[in-house]
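Read the structure below first, then the notes.
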Amino acid sequence: MKGANDKITLALIGAGGRGTQVILSLQQCSENVEVKYVCDVDRERGGNAVKELSGRQGFSPLKVSDMRTAYDDKDVDAVVITTPEHWHALATVWACEAQKDVFVEKNVCLSLKEGKRMTEAAAHYKRVIQCGTQNRSAAYAFSARDYISSGKLGAIVTVKAYCMLPGDRKWALKPDSSVPDGLDWDKWLGPAENVPYNVSRHKAWYDWWAYSGGAAMSGDASHVIDLARMALGNPGLPRSVYCAGGRVIFRDGREIPDNQTVVYDMGTYPLTLEASQYGDYLKKTPQEVRYSEELFPEWRTNSARIEIYGTKGVMFLGRHGGGWQVFGNDWELLDEGKGFFPDEAHHKNFIECIRSRKETNAPVTEGVLSAQMINLANLSYRSGKKYLKVNPADNSIEENNEAAALDNRYPREGYGF
Ligand SMILES: NC(=O)c1ccc[n+]([C@@H]2O[C@H](COP(=O)([O-])OP(=O)(O)OC[C@H]3O[C@@H](n4cnc5c(N)ncnc54)[C@H](O)[C@@H]3O)[C@@H](O)[C@H]2O)c1
């Protein structure tokens, strides 16, 4: 175990926009945190992180293209995995095997098997893992959970989660082309099928099942579902899942739908999720609300809200620093809880747990269960909008062979678990 101020050495794996943000925040959220590696398979990426860190640390992080270089270095305590989603599970398992702690972005896995392997590896190698679901470090998430568990909302009757993003951009599939200079396309693909370079895959990976669970579902609804699960006391997987929807607004041939409605049977209550990308009148929580102790979102048009209906009132809960409010008879305001956008608190919690070896606010067990809610919904949709049942004994899929087959992602040789 490390002391409260002992040096922590980090490596960044995947130096895109989010990776750069997270590593800079981790490096400065606590004393004595250094970054030794910035790893990206694309030579064009990571320059900003290296420049900023060099100035702050007085030495430059090493720029590398193979994560194994950092994993093999005994100086490295923890790695920060901010690659596209198809790499999250494998990079996490490899890191655990190399005795590294892990910060891994959401959606943390893309299949039931991947999630199981991540959870097993973390437990076996006794690693500290923080998933990138930062609402779990928010003051409003803790107080919403406590409010509900105290019984003040009454019995939970039904839960409605929304991730209705503003309108999507236009999209057109570009032709295959030669690999850009400085990009290791083979390593970028990693466990996914080996296909020729295509800029629409590389730059818009959120639009392909091979690399993602979709921009609205994996990219955003994963946060909403995770916050809902936390507020509700971290229920296990649903007993059954059904997902309808399609590509209904932007009919441009993308395989990821732009509109999905999911019904989960959570046992004592149903939970529904609306995930879509169509209306500019739907807004994420604005900046002035994210960083305010007093302001709440306009709930009716807030695109990432959760409505928890109890027998004594309804709770509106928002991510991104939105907070929560409970209304009763005649829309009387019964109670409320506020707090800031929680990124910094989340990063601080990770560094503290690396030193103390305590469980993080967003442990891999919960990150995986929240990811599976998204993955199961996508499997129901992809199997032809068919219902699927979940076996609670081993979380396997029942009554939908197509979904079970689709969940079995085949990693390429050299990229298996
Ligand atoms: N928690 C949040 O609020 C939040 C916000 C934004 C993004 N994210 C998540 O962060 C992750 C990254 O998102 P982004 O927008 O920065 O994506 P991005 O595509 O801009 O960056 C990903 C980077 O990973 C690199 N990469 C791919 N394979 C690699 C490998 N094998 N080894 C090393 N580098 C590799 C790519 O070259 C790219 O530079 C995603 O999972 C996304 O969902 C989370």
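Only the coordinates and a few stated rules stand behind these numbers; no lab work does. Bear in mind the structure is a predicted one, so any value in this text is a computation, not a measurement. Using ideal geometry, Cβ is built from the backbone for each residue, glycine included, and neighbour counts are taken over all protein chains shown.
Observations on the model:
- Across SER222, SER200, SER177, mean-square fluctuation computed from a Gaussian network of the chain (C-alpha pairs under 10 Å connected) peaks at SER177.
- Here the chain is treated with +1 on each Lys and Arg Cβ and -1 on each Asp and Glu Cβ, and its dipole about the Cα centre works out to around 140 debye.
- Karplus-derived HN-Hα couplings along the range 374-384 (A = 6.51, B = -1.76, C = 1.60, θ = phi - 60°), whole Hz, x at Gly and Pro: 6, 5, 5, 4, 5, 5, 4, 4, 5, 7, x
- Ranked ASP258, ASP42, criterion: other C-beta atoms within 10 Å, fewest first: ASP42, ASP258
- Neighbour-count order for THR365, THR82, THR285, THR301, fewest beta carbons within 10 angstrom listed first: THR301, THR365, THR285, THR82
- Prolate/oblate/rounded label for the range 108-195 (Cα gyration tensor, a/c 1.5): oblate
- By the count of other C-beta atoms within 10 Å, a proxy for reagent exposure, MET266, MET67 are ordered fewest to most as MET266, MET67.
- Label point of LYS389 set 7 angstrom out along Cα-Cβ; within the range 238-267, amide nitrogens under 17 Å from it belong to 238-243, 264-267.
- Rounded is the label for the range 262-353. Its Cα gyration tensor axes, ordered a ≥ b ≥ c, give a/c under 1.5.
- With both residues required to sit in the chain, DSSP beta bridges show an antiparallel share near 60%.
- Above-threshold pairs, the threshold being 20 Å between Cα atoms, out of LYS106/LYS348; LYS63/LYS348; LYS160/LYS283; LYS63/LYS116; LYS36/LYS100; LYS36/LYS74: LYS63/LYS348; LYS63/LYS116
- Extension gain, ARG412 to THR272: 0.36 nm times the residue separation minus the Cα-Cα distance gives 46.9 nm.
- Taking θ as phi - 60° and the Karplus parameters 6.51, -1.76 and 1.60, the scalar couplings of the range 391-400 work out to 7, x, 5, 9, 6, 8, 8, 10, 6, 6 Hz in sequence order, x denoting glycine and proline.
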